[in-house]
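Since the structure comes first, as structure tokens, the remarks are kept for the end.
Computed from the coordinates by the stated procedures, all read-outs in this text should not be read as laboratory data. This is a predicted model, so every value here is computed, not measured. Please note: Cβ atoms are built from the backbone with ideal geometry, for glycine as well, and neighbour counts cover all protein chains shown.
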């Protein structure tokens, strides 16, 4: 089991991380979600059909991302009720100069285009345009009919051509984060 599991992790890790990164917009949170997804895979390993493991992982990742986003919105509502003096005692929530520099115009355009899409159109476009999944794989991962996948992708491309352009321009954000994460994981310090 261990060898097969490691093979699945090696094959799917980058794709799952990238998908989470695009849904969440935060590589650090996407890393946590990716790890949670693989923990769930380990726990349910015996009951999962290996031919469908990638769709299962994508579905679990999407659900974990939605859970994180819901919790984040709830936390934001609660923070709105906290007086400013208490927030200042916690620390400065604003990003530092380095973080601001990394927030490029391309990434902002991409996030704007992405935020204008609703589900499942957002996920179908991410899975197709960014991760390169086939329509059948997308239908399986999102548990929607194949014709619906085709329609969402066609409509998304037609209505949001800037999304597809922004994807190509902003691709480096999560890709570079994925590369940094892989380098850290393979460095002797993290081995």
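Listed values, structure above:
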read-out: Mean Cβ count within 10 Å, highest first, over the residues of peptides 23-29, 60-66; value: 60-66, 23-29
read-out: At R0 = 35 Å, FRET efficiency that the Cβ-Cβ distance of residue 134 and residue 67 yields, to 0.05; value: 0.85
read-out: q = 0.22, 0.25, 0.27 Å⁻¹, the range 7-58: log10 I(q)/I(0) [Debye, one scatterer per Cα]; value: -0.76, -0.93, -1.04
read-out: Footprinting exposure proxy for 67, 36 (fewest neighbouring C-beta atoms within 10 Å first); value: 67, 36
